[in-house]
Each structure stands twice: as C-alpha cells, then as structure tokens.
Amino acid sequence: MELKSYSFEKLIDKKTESKFKGIGLLTNQYLKEGKYPIVDQGKALTNGFTNDHTKLITVEKPIIIFGDHTRIFKFIDFDFAPGADGTKVIVPNYKLINAKLFYLLLKNSKIPNDGYGRHYKHLKELEFEIPSDFKKQEQLSEVLSNKLTSVEEMRQAALKQKEAIEALQGALLREVFPYKEGDVLPIGWKWEKLEKIFEEVKNQVLPYEDDFKTLPFVGLENVVSHTRQYTDEEYNPPASNCFKFDETNILYGKLRPYLNKVYLPPGKGKSSMELIPLKTKNNYSREFLAALLQSEAVIGDTVKFSTGGRMPRADLKKLKKLEVAIPSDVSICNELGITVSNKIKEIIDLNKKSLTQLEAIEALPVAILREVFEFNKN
C-alpha cells in the first residue's frame with residue numbers, strides 16, 4: 001500500500017473554513033431547548049440549542065470540531081451551530097483524505113498541553129502518512145474506529161476506577177469524624193476547640209542566617225493536595241524570610257485552603273510563608289491533627305471563613321476557635337490518627353497503580369496506529 005505524506009494544512013479546506021468565522025454563539029446565548037444543537041469545545045458532543053438559523057452550519061460531509069483551549073476533537077455529521085471562543089471548525093480536504101480517518105488521526109495525535117492557552121498552532125506542525133487509495137482509507141478508518149472504540153471503553157472504565165479510589169479518602173474521614181455541628185454526641189465524644197489541639201510555630205529563618213542556606217526548602221507547590229505527599233516540583237525558593245520547622249511539626253497550606261495541603265515533614269527545613277508550621281498540644285499526635293485538618297467539616301469552615309477574593313487565605317484565628325467533635329480519650333484520638341495515616345498510604349498506593357494502568361491504556365492508540373499502518377504498508 002502506497003503512503004503519501006501530507007501536512008495538516010494540506011489536508012484542510014481553508015476556503016470553506018473561512019465561511020464559518022465569526023458566527024459562533026456566546027454561552028449566554030445558549031438555550032436549553034431549540035431547533036439547532038450547539039457544538040463547542042466542551043466535553044459533551046452538544047452543549048445547548050439555538051433558534052438562530054443564521055448561525056447554522058449545514059453539514060453535507062462530516063467535519064471536525066477542535067477545542068482550541070481544551071484539545072478536544074469531535075466528529076460532526078449533523079447540522080449544528082458552533083460555539084464561540086475556542087471552537088475551531090476543521091473542514092477536511094475531501095479530495096485527499098477520508099473525514100473519519102482524519103478525525104481518528106487528529107484525535108490520537110500528541111498535542112502539547114499549554115493549559116488554557118491556544119493549541120491550534122500545534123495542529124499546523126502535524127504531518128500524516130496516508131494511503132492514496134480512498135477505499136484503503138475507508139478500510140483503515142473502520143479498523144481504527146473499532147480498535148480505538150475498545151480502547152476508549154477501557155480508558156473510561158479505568159477513569160471511573162481512579163475516581164472511585166480518589167473518593168476513598170473523603171469517605172474514610174467522614175467515617176472517622178461523622179458528627180457535624182448541632183449533632184448530639186454519644187458517650188465518649190466531646191466538642192473541642194482546635195486551639196486546644198494545635199498552636200502555630202512562628203520561628204523564622206532570615207536570608208542572612210547560616211541556616212537559611214543549609215535548610216531544605218518546602219513550598220506550597222511541593223505539597224500534593226489531599227495526599228500529604230511531597231513532590232519535587234522545581235521552582236526558585238524565595239530569597240526572603242521563611243518559616244523554620246522540624247519533624248514534630250505539620251505544614252499547613254494557608255493559601256487557597258480548599259486545596260487541602262497538609263504535610264508531615266520527616267526532618268528540619270524551611271517553608272514559604274504560605275505553608276505554616278503547626279505544633280500539637282495536650283499530647284495529641286500530629287497524625288491526628290493532620291486527619292482533623294483534612295476532614296470535610298474543618299475544610300468547609302476554613303474555606304467559609306477565609307479572607308481574600310482571587311487568592312483566599314485561611315484565617316488561623318478563626319480556625320483555632322472552630323469546635324470539632326472528637327473522642328474524649330486522647331489515646332483513642334492518636335490511634336485514629338495512625339489508622340487514618342496508614343489507610344491514606346494504602347489509598348495512595350492504589351491510586352498509583354490505577355494511574356499506571358490508565359497511562360498504559362492511553363499509550364495504546366499510538367501503538368494501534370503504528371500497527372495498523374505498518375501492517376497495511378507491508
């Protein structure tokens with residue numbers, strides 16, 4: 001089978017595409033019901049309706065929608081109205097490529113992730129080797145479609161499994177701390193203010209001190225949300241004052257408390273001023289304090305009483321006045337803390353295995369494309 005190499009731009013019909021520029025609908029123009037479905041860059045195939053026939057694209061041959069911000073591709077074989085920002089209409093050059101094959105090749109191409117930036121520029125760098133024979137293209141699209149549909153089903157199952165694992169920690173903490181404000185507590189439980197359980201450690205290390213040069217730095221970016229894990233996220237530590245901590249402390253993320261950043265450092269170090277060292281009081285363990293700080297009740301109230309708009313920060317004074325329901329016996333509290341820590345480690349391990357499985361599945365499309373094209377080439 002003869003394969004020819006084409007650039008992305010050679011495989012699109014720019015003249016037809018130009019007719020669709022500037023007709024997109026803003027989200028505040030979307031209707032819940034209407035004559036014509038709206039296709040935009042969101043995950044769902046359609047995301048609303050319109051009755052405005054001037055926005056309608058009549059689809060005689062299938063076209064492709066690309067989310068310039070989301071990197072999502074959609075195969076469209078029905079009349080629709082396009083969304084506005086980020087909705088790119090790609091019209092295949094039908095003289096050169098089968099629309100379904102083009103969609104499958106694009107959907108399974110590696111497009112760099114620029115966050116919420118524009119990604120269409122990366123499509124212009126793509127090149128594809130495709131058969132000259134249209135019957136062969138149609139056969140390839142059918143084979144690829146069947147194989148890739150099976151892979152997508154596997155991927156969705158793996159994603160659901162991963163989501164279920166990620167939900168385990170919340171369920172665990174709800175089981176450990178089941179009581180909310182207003183509940184009548186059973187015998188053996190009490191309401192306790194957090195100020196009875198921890199205090200802030202306000203020791204600082206200054207840039208001109210020897211310790212500043214030798215102590216390892218932990219910033220907010222180094223603490224993974226929810227998991228208490230440390231990550232070697234590389235960025236330049238500040239050349240300004242830092243908090244000083246040791247292995248008896250907990251580091252608590254003050255900035256955007258909904259991120260739920262709590263870390264139990266294994267030794268001495270310095271942290272950014274947004275990562276506050278806390279120390280337990282009255283014989284409570286730091287594992288128990290960590291579990292409390294990550295419980296839904298504490299996170300919810302901390303977010304509620306945080307200050308600042310775009311960059312909210314926890315109000316430590318109000319946090320310390322918060323009353324929580326805990327066992328009356330400190331030793332039971334500390335046992336709970338150890339149990340939660342061990343369970344979280346198990347959940348993290350499960351999550352890693354789930355992520356490895358998902359990564360393996362997501363690598364399959366490239367292997368399938370290579371296999372199908374190599375087989376047909378030979």
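Every number in this text was worked out from the coordinates using simple rules, so none of it is lab data. What you see is a predicted model; the values in this text were computed from it and never measured. With ideal geometry, Cβ positions are generated from the backbone for all residues, glycine too; neighbour counts draw on all protein chains shown.
When ranked by the protection proxy of mean other Cβ atoms within 10 Å per residue, highest first, what sequence do the peptides 140-150, 182-192 form?
140-150, 182-192
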Problem set entry | Built amide H within the under 5 Å cut-off of L126, gap 5+ | F8
Seminar exercise, completed: Computed ³J(HN,Hα) along the stretch 243-251: with the Karplus parameters 6.51/-1.76/1.60, θ = phi - 60°, integer Hz and x for glycine or proline, the list is 6, 10, 9, 9, 6, 8, 9, 10, 9
For this session: Measure off 7 Å from each Cα along the Cα-to-Cβ vector at K15 and Y116, then give the distance between these two points in nanometres to one decimal.
Result: 3.9 nm
For this session: Within 10 Å of each residue's Cβ, count the other Cβ atoms and sort R174, R286, R71 from fewest upward.
Result: R174, R71, R286
For this session: Amide H neighbours of F198 under 5 Å, at least 5 residues apart or on other chains, H built in the peptide plane: list them.
Result: K281
Exercise. For log10 I(q)/I(0) by the Debye sum over Cα atoms at q = 0.06, 0.11 Å⁻¹, the listed values are (1) -0.38, -0.93; (2) -0.30, -0.85; (3) -0.23, -0.83; which was obtained by calculation from the structure presented?
Worked result: (1)
Problem set entry | Cα convex hull volume per residue for the stretch 53-127 (Å³) | 91 Å³
Exercise. Tell me, what HN-Hα J-couplings in whole Hz come from the Karplus equation 6.51 cos²θ - 1.76 cosθ + 1.60 at θ = phi - 60° for each residue of the stretch 31-43, using x for Gly and Pro?
Worked result: 10, 6, 9, x, 7, 10, x, 9, 10, 10, 8, x, 5
Seminar exercise, completed: For V218, the residues 5 or more places away or on another chain with a placed amide H closer than 5 Å to its own amide H are K270, S271, S272
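Do any of K4/K100; K244/K353; K35/K147; K244/K279 go past 23 Å between their Cα atoms, and which?
From the list (K4/K100; K244/K353; K35/K147; K244/K279), the Cα-Cα distance tops 23 Å for K244/K353; K35/K147.
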Exercise. How much net charge surrounds Y284 when only other residues with a Cβ under 14 Å from its Cβ are counted (Lys, Arg +1; Asp, Glu -1)?
Worked result: +1
Exercise. Residue by residue, what Karplus-based ³J(HN,Hα) values in Hz, rounded to whole numbers, does the stretch 294-306 have, using 6.51, -1.76 and 1.60 with θ = phi - 60° and x for Gly and Pro?
Worked result: 9, 6, 4, 4, 5, 4, x, 6, 5, 5, 4, 9, 6
Seminar exercise, completed: Between N241 and Q156, the two model label points (7 Å from Cα along the beta-carbon direction) sit apart by a distance in nm of 5.5 nm
